Amino acid sequence: MEYNFKEIEKKWQDYWEKNNSYKTKEDSNSPKFYVLDMFPYPSGEGIHVGHLKGYVATDIVARMKRAQGFNVLHPIGWDAFGLPAENYAIKHGIHPEITTAKNISNIKRQMKSAGLSYDWERELNTTDPEYYKWTQWIFLKLFENGLAYKKLLPINWCPSCKTGLANEEVVDGKCERCGTETGKKDIDQWVLKITDYADKLLEGLDDIDWPEKIKEMQKNWIGRSEGWEIKFSIGSKEISVFTTRADTLFGCTYLVIAPEHPLINELEFKNKEEVLEYIDRAKNKSERERISEVKDKTGVELKGIKAINPVNGKEIAVFVADYVLYHYGTGAVMAVPAHDIRDFEFAQKYDLEIIEVINGKNKKEGTAFIEDGTLFNSGDFDGLNSEEAREKIGEFLRKKGKAEKKINYKLRDWVFSRQRYWGEPIPIIHCEKCGMVVVPENELPVKLPYVEKYQPTGTGESPLAAISEWVNVKCPECGGEAKRETNTMPQWAGSCWYYLRYLDNNNNKEIFDKGKEKKWMPVDLYVGGAEHAVLHLLYSRFWHKFMYDLGIVSTKEPFYSLRNVGLIMAPDGQKMSKSKGNVIPPDIIIDEFGADTLRCYEMFMGPFDQSIGWNPQGVKGVYRFLIKLWEIFSECQNEKSSKEVIAETHKLNKKVSEDLSKMKFNTPIAFFMEFMNFISERKEELGKEEIKRVLVLLSPFAPHLCEDLWEKMGNKTSIMIEKWPKPDLNLIKEETVSLVVQVNGKVREKMDINVGTSKEDAEKMAKENERVKKWVDGKEIVEVFFVQDKLINIVIK
RNA sequence: GCCGAGGUGGCGGAACUGGCAGACGCGUAUGCCUUAGGAGCAUAUGCCCUUGUGGUGUGAGGGUUCAAAUCCCUCCCUCGGCACCA
């Protein structure tokens, strides 16, 4: 019988849809399993085979978990706000709502044609007012709790997207979206106080099962460091510096302050002109220039003034230099050239004093010694180790009112407003009398007005500002003239909490039902690309932890277990992209080989989290395997299997179950192939029960084919409701094994022995073996090593 | 520079707790079938040689061990992230 995948796949996709096979059973008493994909942006190109890789993996897990008796929640939705739809609208004059809807229906078709088992009744869309009503609601909660504020800030500005960006959205000085070099711009911005959650975000990482890589990236991004803030006096003024190395304080030979530091305006020094010129130049440097000049440090001394080192009263010079960052710590540092690489470089260039105060064994000439060690040249603190000295010196100064313990973070608050059209309006009203007033909860959502012109203004104002009938409103408090906030929320807002809305997506009274939240959270398995490590995955943890503090959610973390899907590269080895023209859409593969082949191939390519190139020949190999399986299974007439076939089937069962539970998808396919290679030699030994077992095991990978063979075998109900089989370990037990015989660690013979043969018997057999004899005879046997049922190693001299 | 992951045939990759390296697939070769094949089937396939009961082999070098892809040390390379964070 021919494997007609087109007919089969159509037939069963229709069947599953008609029978609501993917619907989540809300009333079930079974244990829950929430398996989630990072939801896609509905782009005009649709999805390619790379996107599908993660979706297929979660689908396999979802199908297996259902069979294992779990009540599985496996939803999907659309992260549909964002620039591409808006830019498309600007170019073609078609409203984003229309293009988005069109794109969604296309991707939905692609997903269905791949046999993905999503519960479509829970589909959601971030641009749906019924959804973003609650995004706005969470924003109001943040605002009411002092975690959202508006401030005039020099922020990252993308001149191409004409909008402000968060720190996390600037990669290598370029816009994460479009790659344009970013600049700085002073705009009145909404900012979320993610820094208030820095410690909680750090601590939470210990409780979740995430890839080490992502955890490390988040840790580094948050960048917590403990140290001391130390006051130096400059004439009648004081300046604070932050240091993690209070132990090196006696080696401090000058101070450096950032060009933006306000104290510069208050100090009287001789070379004012020179300094102001330097500051001016520093301000005009772009992000890129600052990065590329890391090696060449520049600075200017403030002539005629000195700072006093509080620990020994020593007078030291003061510099302005742009290697000190204003936004970190206090914007000023104490320079210890002997024990800090940057200070060392600077001191060498400007010929400044270098005083060593720490001794240690890895110390080298001609460079700074940055490790901990033992103090010297440090007065009463000589002989202490660095760790003790930090405490003692800090404490000594604290008593004199010159120092304080301090923790600093690299993490900065989240710039949350965008000057673009296609995003959630920020539900705030500006009233001249009352100031910033929240839109009352019963007036949510603040709907995005339908407009003809989307062009960003580029002035730092949103295009919404031009729609006067939308902007001008009555103040909800005093009833006077007021204006709406015209900035919109960033791309990331909607994805911060969507996993919660799936639990109860039609609730129009509250954000979601508490009982449902308790039942389903946290997400048990979350799958997506690693590119969101410090964007979506950090932002959503922040919102979640905030909602936890408010008692809205019951878990501290949203995603218990996270796995990253590796990219699929184009056959040319490059990343798939529209501009390179190397994108492979799933449609053409499904058309030529079927969805089951596509699914199996994507899993077979290699380890799930690794990026691997697409190989058109490899697809054919998997296709051949499925055809072979189809033909052998559909032609089988036997009732019973032979003992060997039964054993092999249970072994397969064991290996597939084990590897799937470890998120290994490539090896199970290999096991199925191995099994079929074994069976094709002994077709007449294969019986119905074993076919059934294999079909259930294979059905998460190739659901259409398995369902069809299942039916052809006379089953009246869907394979989807079959229980995941458990291997019978007794059937797997072998009676004999092949024992490897080594002489001096080299394999010289293999002997079939009974399982459980003793060392003595095995040794005797080995010594009597002709081939072994040739290596051993006439030599002195020093020792014999024996590993039960595996190996014997005879060591000779 | 720092952090993380990794380096196994011509290619993608297997290998439990140290115990037969190269499963499975691709490619290649030869043969069969075919009017034809970029279809199908069969067999072979790490490398080397003097073709054996041989040698050698998991980035390089060293070590531990009866035994190392796996453990330890030194180094090299690739990928991802951060990048003057005091």
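The values are calculated or read from the model by the stated rules, or taken from the named source; none is laboratory data. Since this is a predicted model, take the numbers as computed values, not measurements. Backbone-built Cβ (ideal geometry, glycine too); neighbour counts: all protein chains shown. The area values use the complete protein model at the heavy-atom level, side chains included, leaving out ligands, DNA and RNA. Shrake-Rupley method; radii C 1.70, N 1.55, O 1.52, S 1.80 Å.
Things to note:
- Prolate/oblate/rounded call for the stretch A:514-655, Cα gyration tensor, a/c under 1.5 rounded: oblate
- Relative pair counts by distance (%), Cα atoms of the stretch A:472-551, 10 Å bins: 14, 36, 27, 17, 6, 0
- Positive-end extreme of charge dipole, chain A - chosen from A:Pro571, A:Ala338, A:Ile753 (charges on Cβ): A:Ile753
- Classification of the stretch A:25-97 by its C-alpha gyration tensor yields a prolate form. The axis ratio a/c (a ≥ b ≥ c) is 1.5 or more, and a/b outweighs b/c.
- Loop trypsin sites (Lys or Arg not before Pro), the stretch A:628-687 (other Cβ atoms within 10 Å of the site Cβ: 11 or fewer; DSSP): A:Lys662
- Counting only residues at least eight positions apart within a chain, or on another chain, the lysines with an alpha carbon under 25 Å from that of A:Lys363 are A:Lys295, A:Lys297, A:Lys349, A:Lys392.
- For the stretch A:435-524, the list of chymotrypsin sites (Phe, Trp or Tyr not before Pro) that fall in a loop by DSSP and count at most 12 other C-beta atoms within 10 angstrom reads A:Tyr450.
- Between A:Ser680 and A:Met436, residue separation times 0.36 nm minus the direct Cα-Cα distance comes to 80.3 nm.
- Taken over the stretch A:298-399, the alpha-carbon convex hull comes to 118 cubic angstrom per residue.
- When the charge dipole of chain A is built from unit charges on Cβ atoms (+1 for Lys and Arg, -1 for Asp and Glu) and taken about the Cα centre, the candidate among A:Ile8, A:Met765, A:Tyr55 whose Cα reaches farthest toward its positive end is A:Ile8.
- Where GluC sites (Glu not before Pro) fall in DSSP loop in the stretch A:767-797, at most 14 other Cβ within 10 Å: A:Glu780
- Label point distance in nm, A:Asn730-A:Thr457, each placed 7 Å from Cα along Cα→Cβ: 8.0
- Cα-based shape type of chain A, given that a ≥ b ≥ c are square roots of the gyration tensor eigenvalues and the cut on a/c is 1.5: oblate
- Potential lengthening between A:Gln610 and A:Ser28 on full extension [0.36 nm per residue; Cα-Cα distance subtracted]: 205.9 nm
- Largest to smallest principal axis extent of the C-alpha atoms in the stretch A:268-352, angstrom: 40, 31, 26
- Cross-link table A:Lys11/A:Lys664; A:Lys270/A:Lys314; A:Lys215/A:Lys410; A:Lys759/A:Lys797; A:Lys200/A:Lys410; A:Lys193/A:Lys285, entries beyond 18 Å C-alpha to C-alpha: A:Lys11/A:Lys664; A:Lys270/A:Lys314; A:Lys759/A:Lys797; A:Lys193/A:Lys285
- Size of the stretch A:351-415: Rg and Dmax of its alpha carbons, in Å, are 15.5, 47.
- Carbon + sulfur, % of accessible area of chain A - ligands and nucleic acids excluded, 1.4 Å: 48
- The label point for A:Lys474 and the one for A:Glu315, both projected 7 Å from the Cα toward the Cβ, are 7.1 nm apart.
- Sequence-separation-based contact order of chain A, relative, with Cα cut under 8 Å and 6+ spacing, percent: 14
- Here the stretch A:100-162 is assigned +1 on the Cβ of each Lys and Arg and -1 on the Cβ of each Asp and Glu. Its dipole about the Cα centre then comes out at about 300 debye.
- Unsatisfied cross-links (Cα-Cα over 31 Å) in the set A:Lys655/A:Lys746; A:Lys184/A:Lys406; A:Lys53/A:Lys447; A:Lys662/A:Lys790; A:Lys141/A:Lys283: A:Lys53/A:Lys447; A:Lys141/A:Lys283
- The distance between label points at A:Glu387 and A:Asp549 comes to 3.2 nm (points 7 Å beyond Cα on the Cα→Cβ vector).
- Think of a 1.4 Å ball rolled over the protein heavy atoms: chain A then has 46 Å² of accessible area per residue.
- MRE, 222 nm, helices only [DSSP H, n ≥ 4, -39500 (n - 2.57), over chain A, to nearest 500]: -11000 deg cm²/dmol
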